[in-house]
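See below for the structure under consideration.
The values are calculated or read from the model by the stated rules, or taken from the named source; none is laboratory data. This is a predicted model, so every value here is computed, not measured. Note that each Cβ is placed from the backbone with ideal geometry, even for glycine, and that neighbours are counted across all protein chains shown.
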Amino acid sequence: MAMDKIDELLEQQKKWEELIQQTAQAQKKMLEIMLQLRKEIISLSQLKKDFPDSVKINARISQCDQLLEQSSEMVNEMKKQLAEFREQKKALNELMKNFVEPTLLESSSSPKL
């Protein structure tokens, strides 16, 4: 029975690690997108100097600004989630440490049949 619980805890630990990795990768990708948006805004701003009356350029700059703001909010949320996920994993690690060590000690000290 104790080994089943250990296996379950190990599986949960693996899932938390995968979730942390996936969230970190998504955050990295979002930061790359933000960088691309900044480059697009810079490019459009340069283009606007040549065509100051262009409505399309202004609209595109505005759209990129909005996307950049939304991306920034998403990255901030991901940072919060990563911190929470790491705390959950840390708590699970502590639980495993407190559960697994006594269980292993009990099984090694119990008489063999």
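Among the residues making up segment 61-94, those that are without any contact (Cβ under 8 Å) to a residue 24 or more places away in the chain and of a type in the set (A, V, I, L, M) are Ile61, Ala83, Ala91. Filter segment 39-60 down to the residues that are surrounded by fewer than 14 Cβ atoms within 10 Å (Cβ to Cβ) and either touching a residue at least 40 places away in the same chain (Cβ under 8 Å) or of a type in the set (D, E, K, R) (or both), then identify the one that is nearest to Ser72 (Cα to Cα). Result: Lys39.
Criterion applied to Leu95, Leu104 was being modelled with pLDDT under 85 and surrounded by 11 or more Cβ atoms within 10 Å (Cβ to Cβ), and the one residue passing it is Leu104. If you check Glu18, Glu40, Glu32 for being touching a Cys at 6+ places or on another chain (Cβ under 6 Å) and acidic (Asp, Glu), only one passes: Glu40. Output the residue which, of all residues in segment 1-26 that are within 10 Å of the chain's Cα centre (by Cα) and surrounded by 12 or more Cβ atoms within 10 Å (Cβ to Cβ), is farthest from Leu95 (Cα to Cα). For segment 1-26, the residue satisfying everything is Ala26. Would a scan of segment 27-34 turn up a residue that is closer than 26 Å to Leu92 by Cβ, surrounded by 11 or more Cβ atoms within 10 Å (Cβ to Cβ), free of Cβ contacts under 8 Å to residues at least 40 places away in the same chain and basic (Lys, Arg)? Yes; the residues of segment 27-34 include at least one that is closer than 26 Å to Leu92 by Cβ, surrounded by 11 or more Cβ atoms within 10 Å (Cβ to Cβ), free of Cβ contacts under 8 Å to residues at least 40 places away in the same chain and basic (Lys, Arg).
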